[in-house]
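Just below is one structure, and these are the notes that go with it.
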């Protein structure tokens, strides 16, 4: 069995990883230097949601499963079904319904996918036009 201090460190690392990933998915398209990487991360996230959802719901994250396993070993109970619910409640102190959390998660992901795809596509179309006119 893992030591408690290792589990606490793992809890923090999983929180930081999840928060960084969420922030990158939400805002990575804003930075031209990272747009291709951002699009790849968004597509991989969507793919993982499809694969790891187990037919449950699109938007289920494998990081959440790992994090919940660590938290249960630390004695946590009554964990919400989604990381969005967990984070919202930790930040605001107010619970959020599962359906609301999934709507926020899916809508934000779709918004970022659309913007990222459009910006990456625009970059390649503009680059091609420049090559054609040279």
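Across the range 70-102, what is the total count of residues that are more than 18 Å from the chain's Cα centre (by Cα), under 30 Å from residue 5 (Cα atoms) and loosely packed, with under 14 Cβ neighbours inside 10 Å?
Of the residues in the range 70-102, 10 are more than 18 Å from the chain's Cα centre (by Cα), under 30 Å from residue 5 (Cα atoms) and loosely packed, with under 14 Cβ neighbours inside 10 Å.
What number goes with the only condition from (1) touching a helix residue (DSSP H, G or I) at 6+ places or on another chain (Cβ under 8 Å); (2) free of Cβ contacts under 8 Å to residues at least 24 places away in the same chain; (3) surrounded by 11 or more Cβ atoms within 10 Å (Cβ to Cβ); (4) over 23 Å from residue 7 (Cα atoms) that residue 105 does not pass?
(2)
Looking for something closer than 18 Å to residue 116 by Cα, surrounded by fewer than 16 Cβ atoms within 10 Å (Cβ to Cβ) and free of Cβ contacts under 8 Å to residues at least 24 places away in the same chain - is there at least one such residue anywhere in the range 5-26?
yes
Here is a list of conditions, (1) free of Cβ contacts under 8 Å to residues at least 40 places away in the same chain; (2) closer than 22 Å to residue 20 by Cα, and residue 78 meets all of them except one; can you say which number that is?
(2)
Quick note: the coordinates plus some simple rules give every number you see, no bench work behind them. Computed from a predicted model, the values in this text were never measured in an experiment. A quick note on method: Cβ atoms are made from the backbone with ideal geometry, for glycine too, and the neighbour counts reach across all protein chains shown.
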